[in-house]
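Read the structure below first, then the notes.
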Amino acid sequence: MIRTAAAILRKDLAIELRTKESVPAMTLFTVVVFVLFHFGLDRDSLDGELASGVLWVTLLLAAVIGVSRLFATEREQGGLDGLLLAPVDRTALWLAKATALFLYLTVLELVAVPAFAVLMLGPDLLPALPVLIPVLLLANVGLAAIGALVSALAVETRARELIVPLLLLPLVVPLLIASASVTEPVLRGSQQAEDLGRWLGLLSLYDVVFVLIAIAVFDFLLDD
Amino acid sequence: MYSKGLKPVSIATVVVVAIWLAMVFFYAPLDADQGFVQKIFYVHVPLAIVALCGFVAGGIFGLLHLRSRDRSYDMKSYVAIHMSIIFGCVVLITGAIWAKAAWGHWWVWDEPVLVSFLVVFLLYCVYYPLRFSIEDPDRQARYSSVFAIAAGAFVPINFAAVRMAESFTHPRVLSQTGGSMPGEMRLTFFVGILAVTLLFVTLWKFEMTSKNASMQLKRLRRRLEATA
């Protein structure tokens, strides 16, 4: 199964490297939203809860773009039928798509977080990194798991561009709560995060639950 | 087949709902600091509990559908979620009225139960566009079940997360649902839960009967056209 997943993942990454469709669009989108927030809030620099709210909401909205494009090539070029005709485990397909989304999000954050620090953040970013990096990674795992599931749920519907954000955004509210709360003190410039363990625990719980659910139910999607 | 037992259940529901309303107005004591307004509690909280249980029941029916491939489970899941959405609307409206009367605002963000309920409600509202934008009936049933299961599992996680977010500054606001309620209040509250559960089950059965009947009618009509 791992080998099948790796093959599908390689195919997806090759397509992404050639067409440069998802990640550049997501990155550009985050920068545009930062500029929008600058004018919308009329603030030159942010810190604390405002900074962490802007950062996380922007990242989640960018993730919506990634999720809605996740099965796009398969759908538009008819590759989905090929994948479904091939005798491969559906779970491998989910694993490949979730890993691809995880990598897209990670690359996006490599650009978006420094851009956020340059454009908007008042305090220095470097001391916040030891807290920010594990939170970003845990949030990416959860987003990737639920994102691949939502993308597959929406791919067969008529109004998929509509369904993806409507479905994904309420589902990631717990992720937003945990991530924004944990990054809020470090983005204010204080060294210590409050209740770090508890929030990381919630993020891990979220990740585990949705990875298990996605594995359990993904077989039933794309089944014909 | 869903019409079986519909009459006794309906009668029981009418009786228990009448007892419940009578108890709310005449039996339960007035709250010391909120007065009459607090009586909305006996409507609001049972409705919320039953609606959440209905969402979870929708997930369980979805699971049964995926395991057995029996389409009737998908219909049960759909009707349960549909009823819960309707109950959920009433919960949000009564919650807003209660918040306005008790705290002076239509909406308060520091009440974790209300906020989690809103998030869950918003998620379940997507069930309709998702379900009805899939044409193939088999696929529609399967995708809806997958949604029902994922969303059903989301309900407890969301409640935990919102509660954690609030517990920094606020202790549990709704402590009156706990042990501190006097006996008459608690009795009224439990009768309320019973009444709303019965109401939910009766409405669910009615909807299932009607859906079943119209499906049967469609089948018969198709057969008639084939023979004619």
Got the relative contact order for chain A handy, in percent, Cα pairs under 8 Å and 6 or more residues apart? 30
If you put +1 on each Lys and Arg Cβ and -1 on each Asp and Glu Cβ, how big is the dipole of chain A around its Cα centre, in Debye rounded to 20? 400
Return one number: the angle in degrees, 0 to 90 and rounded to the nearest 10, between the long axis of the Cα atoms of helix B:112-125 and the longest principal axis of the Cα atoms of chain B. 20
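Calculated from DSSP H runs of 4 or more alone, at -39500 (n - 2.57) each and per residue, what is the 222 nm mean residue ellipticity of chain A, nearest 500?
Helix-only estimate at 222 nm: -27000 deg cm²/dmol.
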Neighbour-count ranking [beta-carbon atoms within 10 angstrom, fewest first] of B:SER68, B:SER77: B:SER68, B:SER77
Along principal axes, largest first, the alpha-carbon spread of the protein assembly as shown in whole Å comes out as 71, 67, 36
Over the alpha-carbon set of chain B, divide Rg by the Kirkwood Rh and report the Rg/Rh ratio to two decimals. 1.04
Straight-line reach only, C-alpha to C-alpha below 20 angstrom: list the lysines that B:LYS4 could link to, leaving out same-chain residues fewer than 8 apart. B:LYS76, B:LYS205, B:LYS211
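Using only alpha carbon pairs under 8 Å that are at least six residues apart, calculate the relative contact order of chain B and give it in whole percent.
So the answer I get is 35 percent.
Given R₀ = 41 Å, what would the calculated FRET efficiency be for B:SER210 paired with A:ALA216, taking r from the Cβ atoms and rounding to 0.05?
For R0 = 41 Å, the calculated efficiency reads 0.80.
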Computed [θ] at 222 nm, deg cm²/dmol, chain B (DSSP H ≥ 4; -39,500 (n - 2.57); rounded to nearest 500): -27000 deg cm²/dmol
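Roughly how crowded by other chains is peptide A:141-151, in terms of the mean Cβ count from those chains within 10 Å of each of its Cβ atoms?
So the per-residue partner count for this stretch is 1.
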Roughly what % of Cα-Cα distances in the stretch A:124-224 sit above 17 Å, to the whole percent? 56
Below 16 Å, Cα to Cα, which aspartates and glutamates can B:LYS7 reach? Residues fewer than 8 away in the same chain don't count. B:GLU207
First measure r as the distance between the Cβ atoms of A:ALA6 and A:LEU205, then evaluate 1/(1 + (r/R0)^6) with R0 = 25 Å and state the FRET efficiency to the nearest 0.05. 0.35
Per-residue average of other protein chain Cβ atoms inside 10 Å, peptide B:129-139 -> 5
For the stretch B:112-157, state the average projected area of the convex hull of the C-alpha atoms over all orientations, rounded to one decimal in nm². 3.0
Please find, in a Gaussian network model of chain B (springs between Cα atoms separated by less than 10 Å), the residue of B:VAL126, B:VAL50, B:VAL79 whose mean-square fluctuation is greatest. B:VAL126
Could you work out Rg/(2.2 N^0.38 Å) for the stretch A:2-218, with Rg from alpha carbons only? 1.04
Where in chain A are the helices, taken as whole DSSP H runs, whose Cα atoms extend 24 angstrom or more along the long axis and whose Kyte-Doolittle mean reaches at least -0.5? A:2-19, A:22-41, A:48-69, A:90-119, A:129-155, A:196-218
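Each value in this text was obtained by applying a stated rule to the coordinates, not by laboratory testing. Keep in mind the model is a prediction, meaning the values are calculated, not measured. Counting neighbours? That spans all protein chains shown, and the Cβs are built from the backbone with ideal geometry, glycine included.
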